[in-house]
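**Q** I have a structure here, written as structure tokens, and I will follow up with some questions on it.
A short reminder: the numbers here are calculations on the coordinates, not readings from a lab. Predicted model, so just to flag it, every value in this text is computed and none were measured. Using ideal geometry, Cβ is built from the backbone for each residue, glycine included, and neighbour counts are taken over all protein chains shown.
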Amino acid sequence: MRLLILFILATSATAQKISYENYKVYQVVPSNEKHVEVLKMFEDNPNIDFWTGLYRSIQPVNVMVPPKLQSKFEAILNQHKIYYKMVLENVEKMINEERQSQSEAASKASGEISFDKYYRYSEVQDYLIRLSREKPDLVKLENYGLSYENRTLTLIRVSSGGNDKKPVIFVDGGIHAREWIAPAQVLYIINQLLESSESQNMIQNIDWVIIPVLNPDGYEYTHTTDRFWRKTRSKGAVCDGVDPNRNFDYHWMGPGSSNDECSNTYAGPTPFSEPETLALSKVIKRFAHRTKMYLSFHSAAKSYLYPWGYTSELPPNADELHSLAVESERAISAVNGTRYKIGSSFNILSPASGSSRDWAYGAAAINLSYTMELPPGGENRFDLPPEEILGVVTEMFEGVKVFHEYVKEEYSKI
């Protein structure tokens, strides 16, 4: 009986929402390389969460700090004369506001979506199923594996025909669980390709393979339990989860990865230890002979990132990658003036080994491979509030149009 009671108590504790009461977010502004080195010391602490990447260049970063570490954090910053300001006094209050916005969004019938809220995984699945039923001549739905917690991993193939001979653009999102705007962006691309008459030309010469949510276990966990969970939900000896974007078998466990289970950048016990990353690699390989571009959507560094993440060296076609990104970013900025940084991941953001982008380029030989980092929700939010989703996804789609046009012109023979 005592063991049963302990088990029930443990289960209840696990199921409760993680509270971020009195967690604070600081915007820290390093002014020299020494300051960046001090911040790297904090980056290795699993209790301190960098909401924006610690850039190799000197740029502001947003850092979430729990109550028990705030005094020490501020003292060290003061000691090293690193400028900072408080941008969020209580993270839990922000989470509650987000939940309220989510609940106030107008309800939709099953299989219908809008872009004024973030959808649960089952709702995403319902939308894909509806499209496959209503547009069987254009859409094929495929279950390509199971997640650690046995959720179906689903992709959607969009094609107007051509006997699988057209070039492919491969798009995914949601590899990091808490980056809710990424699945929203991918859903918007699907929506425009299939439900907007203005974008029908984008499926005439190009086939699309699209995965809205790569990490459904983690994504659901952010909705039910811990809003800022980043990793998968596989069980570890001390801490659960692996950073799936450090788990690919290309320079695995190199710079920017951790062998600490409790780290947000834990690369896993082995390459492709996670069923989600292994299944994705098999899908990418299957379409690699036709895939001319790989786009993986993330947040919230507002950047176009191309290989490499493990070294400062650039890939052979860096000029092509850069100039195409510049053209795409120009189309975005023409909408509302939004600007994105552009460059290799290592050089403008931070080291990141074992990413899907580097693997797609280096192992699957997809020469146009990008990580697309969408914007944060202002200076004091990790992701955008629901009412700002539509503005971001629509302007980014203008950039996607440029990518499509380039692939069509360079590779389409139909």
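**Q** Which percent of the Cα-Cα distances in region 18-89 go past 15 Å? Intermediate values should be presented prior to the final figure.
**A** On the way: 1232 of 2556 pairs.
Beyond 15 Å sits 48 percent of the P(r) for region 18-89.
**Q** For the chain, give the share of DSSP beta bridges that are antiparallel, in percent and rounded to the nearest 5; count only bridges with both residues there. Spell out each step's value before the answer.
**A** Details: 25 of 47 bridges.
Percentage antiparallel, nearest 5: 55.
**Q** For region 349-409, state what percent of all Cα-Cα pairs lands in each successive 5 Å bin, counting from 0 Å until the bin that includes the largest distance.
**A** Each 5 Å bin holds this share of Cα pairs: 4, 13, 17, 17, 19, 17, 10, 3, 0.
**Q** Here's a follow-up. For region 155-164, what does the Karplus curve 6.51 cos²θ - 1.76 cosθ + 1.60, with θ = phi - 60°, yield as ³J(HN,Hα) per residue in whole Hz, taken in order and with x for Gly and Pro?
**A** 10, 10, 9, 10, 8, 9, x, x, 6, 6
**Q** In addition: Considering Cα pairs under 8 angstrom that are at least six residues apart, work out the relative contact order of region 262-405 and quote it in whole percent.
**A** Relative CO of region 262-405 lands at 34 percent.
**Q** Related question: Round to the nearest 10 and give me the degree value, 0 to 90, for the angle of helix 91-104's Cα axis relative to the longest principal axis of the chain.
**A** Compared with the principal axis, the helix lies near 40 degrees.
**Q** Quick one: angle between helix 389-411 and the longest Cα principal axis of the chain, in degrees between 0 and 90, rounded to 10, please.
**A** Taking Cα atoms only, the helix is inclined about 50 degrees.
**Q** Expressed in nm to one decimal, what extension gain is obtained for the pair residue 387 and residue 282 from 0.36 nm per residue of sequence separation less their Cα-Cα distance?
**A** Details: separation 105, 0.36 × 105 = 37.80 nm, distance 3.63 nm.
Value of the extension gain: 34.2 nm.
**Q** Here's something else I'd like to know. Grab the DSSP H runs of the chain that are 4 residues or longer, score each as -39,500 (n - 2.57), total them, divide by all residues and round the 222 nm result to the nearest 500 deg cm²/dmol.
**A** Working: 12 runs with 156 residues, N = 414.
It comes out at -12000 deg cm²/dmol, rounded to the nearest 500.
**Q** So, one more: List, in order, the whole-Hz ³J(HN,Hα) value for each residue of region 317-326 obtained from phi through the Karplus relation with A = 6.51, B = -1.76, C = 1.60 and θ = phi - 60°; use x for Gly and Pro.
**A** Computed from phi, the couplings for region 317-326 are 9, 4, 4, 5, 4, 6, 5, 5, 5, 4 Hz.
**Q** Then there's this: If packing is taken as the mean number of other Cβ atoms within 10 Å per residue, what is the order of 92-101, 387-396, 60-69, highest first? Present the calculation step by step, with values, prior to reporting the outcome.
**A** Numbers: 92-101: 15.2, 387-396: 19.1, 60-69: 17.0.
Sorting 92-101, 387-396, 60-69 by mean packing, highest first, produces 387-396, 60-69, 92-101.
**Q** Separate question: From the P(r) of the chain, can you give the percent of Cα pairs sitting at distances over 28 Å?
**A** Numbers: 39772 of 85491 pairs.
Within the chain, distances greater than 28 Å cover 47 percent of Cα pairs.
**Q** Can you give me the distance in nm between label points at residue 141 and residue 238, each placed 7 Å from the Cα along the Cα-to-Cβ direction?
**A** Inter-label distance under the simple model: 4.2 nm.
**Q** In addition: Using the alpha-carbon atoms, what tilt in degrees (0 to 90, nearest 10) does helix 67-79 show relative to the longest principal axis of the chain?
**A** Roughly 90 degrees, rounded to the nearest 10.
**Q** Could you give the nm distance between label points at residue 22 and residue 90, where each point is 7 Å from its Cα heading toward the beta carbon?
**A** Simple spin-label model gives 1.1 nm for this pair.
**Q** A further question follows. Could you compute the net charge surrounding residue 388? Neighbours are other residues with a C-beta less than 12 Å from the C-beta of residue 388; K and R count +1, D and E count -1. Mind dumping the intermediate values first?
**A** Numbers: positive: 117, 381; negative: 98, 116, 383, 387, 395.
That sum, taken over residues with Cβ under 12 Å, equals -3.
**Q** State the extension gain, in nm to one decimal, for the chain segment bounded by residue 99 and residue 413, taking 0.36 nm per residue of separation less the distance between their alpha-carbons. All intermediate terms of the calculation are to be shown ahead of the outcome.
**A** On the way: separation 314, 0.36 × 314 = 113.04 nm, distance 4.78 nm.
Here the answer is 108.3 nm.
**Q** Let me ask you something else. Given the pairs 166/282; 34/72; 231/302; 117/292; 72/235, which are separated by over 29 angstrom at their Cα positions? Don't skip to the answer; put the middle values down first.
**A** Details: 166/282 20 Å; 34/72 19 Å; 231/302 20 Å; 117/292 32 Å; 72/235 31 Å.
Violating the 29 Å Cα-Cα cut-off are 117/292; 72/235.
**Q** Another question, if that's okay. Using Cα pairs under 8 angstrom and six or more residues apart, how large is the relative contact order of region 18-89, in percent?
**A** Numbers: 105 pairs, mean separation 34.7, N = 72.
It comes to 48 percent, rounded to a whole number.
**Q** Starting from the amide H of residue 18, placed 1.01 Å from N in the peptide plane, find each other amide H under 5 Å away whose residue is 5 or more places distant or on another chain.
**A** 226, 227
**Q** Over region 108-411, what is the mean sequence separation of C-alpha contacts under 8 Å (at least six apart), divided by residue count, expressed as relative contact order in percent?
**A** 20
**Q** Where the centre of each part is set by its Cα atoms, how far does region 358-414 sit from region 161-215, in angstrom?
**A** 10
**Q** Let me test this: with uniform point scatterers at the alpha carbons of region 163-231, what is the Debye-based log₁₀ I(q)/I(0) at q = 0.13, 0.21 1/Å?
**A** Treating every Cα as an identical point scatterer, log10 I(q)/I(0) equals -0.45, -0.82.
**Q** I'd like the Karplus ³J(HN,Hα) series for region 128-133: coefficients 6.51, -1.76, 1.60, θ = phi - 60°, whole numbers in Hz, and an x wherever there's a Gly or Pro.
**A** 5, 5, 4, 4, 5, 6
**Q** Search the structure for amide H atoms under 5 Å from the amide H of residue 342, placed 1.01 Å from N in the peptide plane, and list their residues when 5 or more places away or on another chain.
**A** 304
**Q** Rg/Rh for region 309-414 to two decimals, with Rh computed the Kirkwood way over all alpha-carbon pairs.
**A** On the way: Rg = 15.1 Å, Rh = 15.3 Å.
My calculation of the ratio gives 0.99.
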